[in-house]
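The values are calculated or read from the model by the stated rules, or taken from the named source; none is laboratory data. Bear in mind the structure is a predicted one, so any value in this text is a computation, not a measurement. Positions of Cβ are generated from backbone atoms using ideal geometry, with glycine treated the same way; all protein chains shown enter the neighbour counts. Just the protein is used for accessible areas: all its heavy atoms, side chains included, with ligands, DNA and RNA removed. Shrake-Rupley method; radii C 1.70, N 1.55, O 1.52, S 1.80 Å.
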Amino acid sequence: MAEIMEQVQKELASVIIGKKEVTDKILMAFLARGHILLEDVPGVGKTTTALGLSKILGLDFRRIQFTPDVVPSDVTGFTMYNKENGQFQYHPGAVMCNMLLADEINRTSSKTQSALLEVMEEGNVTVDGVTYEVPKPFVVIATQNPLGTAGTQMLPESQLDRFMVRLSMGYPDVKSQVELLRDRQKTNPLDSVRKILDTDKILEMQQETDNVYISDPILEYISLLTDQTRKNQGIVLGVSPRGALALSRMSKARAYLSGRDYVIPEDIQEVWTDVCAHRIVLSPKARISDLTAVGVLTQILKNIEAPRVE
């Protein structure tokens, strides 16, 4: 299985150059059955990453561009009367796929955002009293532009909590950008990307990720870390139990991606800020002092001693 994941990582690296750390964490979230929020400026490869990953993993991919006029039925689907058979017929919405790219989720109404977030949490949609299950595996990659807030509806903390991780692609370094420009002079790497997995294999890998062993000292470590976010004077809203569960699942996925069937403290430390930074709210005093969520969480990580794993 480790060999297959290396092939996936290598193929993804041919599409997104110089961003292995970010793409690995996207893979981790997928293996942990979580959803991903990519918050970054336009043009850094968020859409390309989602497209490339869907092709490599053999997933049914859909994209919805969120604008103010997008309504919940565009997401969940709707029923329409069919006069030929005299029955109401369900027309699937954008979520009826394996991977949904929710582009600029902050540019649509709160009602439409809520419709998507409900599907993310429950794994199904209910339209006119009938429940329809989304395909498995199912993952939402949502993008959000942190700049240009005119006409946007930023996700509140309770809804940000539904995303397992919040990641940022960032600008490429000079060397990576030169390679990117060279590769795209005549061809698009997305056109030649290889399919390596299929849905059955992915579901099997997700189950293997679930079975990764996590010891009681590691669980206590997670609990101590998240508990400190609730007691820290610079934080007014700490990490929820859902966030603690997301941290444990992401750490298991990192262990699996590293070829281990057990979690070590380094797994938690590597995903700590990605899982928790969007779940906390800093106090006004902390913001005035120019503290950041990542900075406060990093300090908490330094203050809590990691358990020894033999």
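Taking the Cβ-Cβ separation of Leu301 and Val130 as r and a Förster radius of 51 Å, what is the calculated FRET efficiency to the nearest 0.05? Efficiency at R0 = 51 Å is approximately 0.65. GNM remark for the chain: springs join alpha carbons under 10 Å apart, and the peak mean-square fluctuation among Gln228, Gln177, Gln207 falls on Gln177. Taking amide H as placed 1.01 Å from N in the peptide plane, the amide H of Phe88 sits under 5 Å from that of Asn82, each at least 5 places away or on another chain.
For volume of the Cα convex hull per residue in Å³, pick the label among (i) 291; (ii) 134; (iii) 166 that corresponds to the value derived from the coordinates. Comparing each candidate, only (iii) matches the computed number. About its Cα centre, the stretch 155-222 has a charge dipole of approximately 660 debye under the convention of +1 per Lys or Arg Cβ and -1 per Asp or Glu Cβ, with nothing else charged. Rounded to the nearest 0.05, the FRET efficiency derived from the C-beta distance between Ser258 and Ser14 at R0 = 22 Å is 0.55.
Per atom type, the chain shows carbon and sulfur on 49% of its accessible surface, probed at 1.4 Å. Of all beta bridges that DSSP places with both ends in the chain, some 40 percent have antiparallel geometry.
Scanning the chain for trypsin sites (Lys or Arg not before Pro) lying in DSSP loops with no more than 16 further Cβ atoms inside 10 Å, the longest uninterrupted stretch between such sites is 84-183. A cut-off under 14 angstrom between Cβ atoms defines the neighbours of Asp198, and their net charge, with Lys, Arg +1 and Asp, Glu -1, is +2.
One decimal place: the segment Arg308-Glu157 gains 51.0 nm when fully extended, by the rule 0.36 nm per residue minus the C-alpha distance. Within the shell of other residues whose beta carbon sits under 9 angstrom from the beta carbon of Asp161, the net charge comes to +2, with Lys and Arg scored +1 and Asp and Glu -1. For the set Lys10/Lys302; Lys25/Lys46; Lys55/Lys111; Lys10/Lys186, the pairs lying more than 25 angstrom apart at their alpha carbons are Lys10/Lys302; Lys55/Lys111. Stokes-Einstein, applied to the Kirkwood radius of the stretch 196-310 over Cα pairs at a viscosity of 1.306 mPa s and 10 °C, places its translational diffusion at 106 µm² s⁻¹.
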